[in-house]
Amino acid sequence: QVQLVESGGGLVQAGGSLRLSCAASERSFSNYAMGWFRQGPGKEREFVANIGWNGVYYANSVKGRFTISRDNAENTVYLQMNNLKPEDTAVYYCATRPGTTSDWPKDYKYWGQGTQVTVSS
């Protein structure tokens, strides 16, 4: 059982920045792909970014504004979010799975509890 704990959400004005963190309990963290997803009000959960040994990938809606990174020594993955827009408002979740990355939430077995990001206009 892998436990994930997100932090760093909050309220920010449009154009501002936030950095989300996700700490994992898995000792073999470096062998796991990590993903960030989000779920806005009345919307389905959607892919934001992921990182694994096979590469780094972003949703088109956040490309150029968000950066995913990981610190394997700290078992932590980050999501730096710049130039935030009101449409980025959502609960952000990190997730993990062994092996390669995937853009599909159904492919991830372990999830954090989520952290709220609210962007005001």
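Could you pull out every one of the aspartates and glutamates with an alpha carbon less than 14 Å from that of K106, ignoring same-chain neighbours closer than 8 positions?
E44, E46
Among residues other than P98 whose Cβ falls under 14 Å from its Cβ, what is the net charge (Lys/Arg +1, Asp/Glu -1)?
+1
Mind checking region 25-121 for trypsin sites (Lys or Arg not before Pro) that DSSP puts in a loop (not H, G, I, E or B) and that have at most 12 other Cβ atoms within 10 Å?
Sites meeting the loop and neighbour criteria: R27, K43, K63, K109.
Find how many whole Å separate the alpha carbon centroid of region 47-74 from the alpha carbon centroid of region 1-24.
Here the answer is 14 Å between Cα centres.
Where does the chain land on Rg(C-alpha)/(2.2 N^0.38 Å)?
Taking the Cα Rg and dividing by 2.2 N^0.38 Å, one obtains 0.97.
Skip the ligands, DNA and RNA, and give the accessible area per residue of the chain with a 1.4 Å probe, whole Å².
51 Å²
Sum up the charges of everything whose Cβ sits under 12 Å from the Cβ of G9, counting Lys and Arg as +1 and Asp and Glu as -1, but leave G9 out.
Residues close to G9 contribute a combined charge of 0.
To the nearest 20 debye, what charge dipole does region 46-121 have about its Cα centre, counting +1 at the Cβ of each Lys and Arg and -1 at the Cβ of each Asp and Glu?
Roughly 80 debye for region 46-121.
If we count GluC sites (Glu not before Pro) as exposed when they sit in a DSSP loop and have at most 15 other beta carbons within 10 Å, what is the longest stretch of the chain that avoids them all?
75-121
Got a number for carbon plus sulfur as a percent of the chain's accessible area, 1.4 Å probe?
Carbon plus sulfur share of accessible area: 46 percent.
The values are calculated or read from the model by the stated rules, or taken from the named source; none is laboratory data. No experiment lies behind these values; they were computed from the predicted model shown. So basically every Cβ, Gly included, is an ideal-geometry build from the backbone, and we count neighbours across all protein chains shown. Surface areas here come from the heavy atoms of the whole protein model, side chains and all, with no ligands, DNA or RNA. Shrake-Rupley method; radii C 1.70, N 1.55, O 1.52, S 1.80 Å.
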